[in-house]
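The values are calculated or read from the model by the stated rules, or taken from the named source; none is laboratory data. Just so it is clear, the model here is predicted, and its values are computed rather than measured. Note that each Cβ is placed from the backbone with ideal geometry, even for glycine, and that neighbours are counted across all protein chains shown.
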Amino acid sequence: MLPGKLEKHNVIMQQDLLPLFPLRLVLLPGAPISLHIFEERYKEMIGQAIERNSEFGIVLAHENGIVNTGCTATVREVARKYEDGRMDIEAVGRRRFEILFLNEEKAYLQGAVEFFEDDDDQPPPPDLVAKIATGYERLRRLEGEPDFAGDPKLSFRVAHLVSDIELRQAMLGLRSESARLKQLAEFLPGYVAHAIEASRMRDLAHGNGHNRRRDQSE
């Protein structure tokens, strides 16, 4: 994690710096994200990203700073623009990066970053892929979520449906699809079971509500 008092370097030219958007969420490569932009500094940042068709970085924010691994995004669509400059945007995750150092010369945070991919190109074991794919389909149906467009890695498609921020951040930082799938193999069964139970309880509550209304109208 990068603490707030981290030394700021100002020696790199502005075009080499990635605009950073600290949020209490984790974006993954290939994942869609909807954002409401209302702060002046982020209106400026997103406005420039739209004008230049360029990337900005989303990083997980904690109370004492930001984590040093994030994911870039590009704006796919401006869903709505308000008279005061606020906007609703649809964006998509692109590339993973590590922050080398921060720069505060602009109203919004910037960072010199290093992009990275997975270190290994060996496919994960087929039985592991099949196990995770089964859990993913069950979870996707429970959440009523569409599949990703394109062909991102299975681990990222699964993690996109998981609300556990720390798990998603771990997926973002690991540099092996096999390692990510192995961690998901330990995490997913309990998570899916909890999601099934939560869905069942919602259905019961919804049914009971209808019954109460029916009884009162008779």
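Structure summary
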read-out	value
Residue match in the stretch 140-156 (condition: more than 19 Å from the chain's Cα centre (by Cα) and either surrounded by fewer than 18 Cβ atoms within 10 Å (Cβ to Cβ) or of a type in the set (Ser, Thr, Tyr) (or both))	yes
Checklist (1) crowded, with 19+ Cβ neighbours inside 10 Å; (2) free of Cβ contacts under 8 Å to residues at least 60 places away in the same chain; (3) within 30 Å of residue 190 (Cα to Cα) applied to residue 89, failing item	(3)
Listing of helices (runs of 4 or more DSSP H) fully contained in the stretch 100-198 that carry 1 or more residues being among the aromatic types (Phe, Trp, Tyr)	126-143, 154-160
Among the residues listed as 132, 165, the single one being under 16 Å from the mean Cα position of the chain (by Cα), at pLDDT 90 or above, of a type in the set (Val, Ile, Thr) and over 17 Å from residue 94 (Cα atoms)	165
Close pairs from the stretch 108-119: first in the same structural domain as residue 49 (by TED's automatic domain parsing), partner among the aliphatic types (A, V, I, L, M) and not in a strand (DSSP E or B), Cβ under 7 Å, at least 6 apart	108/45; 110/17; 111/17; 112/12; 112/17
Top-ranked residue of the stretch 157-182 - restricted to ones that are in contact (Cβ under 8 Å) with a residue 60 or more places away in the chain and either in contact with a Lys or Arg (Cβ under 7 Å, 6 or more places away or on another chain) or surrounded by fewer than 20 Cβ atoms within 10 Å (Cβ to Cβ) (or both), ranked as nearest to residue 24 (Cα to Cα)	165
Any pair with Cβ under 6 angstrom, 6 or more apart, that starts in the stretch 31-44 at a residue that is over 10 Å from residue 21 (Cβ atoms) and ends at one that is among the acidic types (Asp, Glu) and surrounded by fewer than 18 Cβ atoms within 10 Å (Cβ to Cβ)	34/90; 36/88
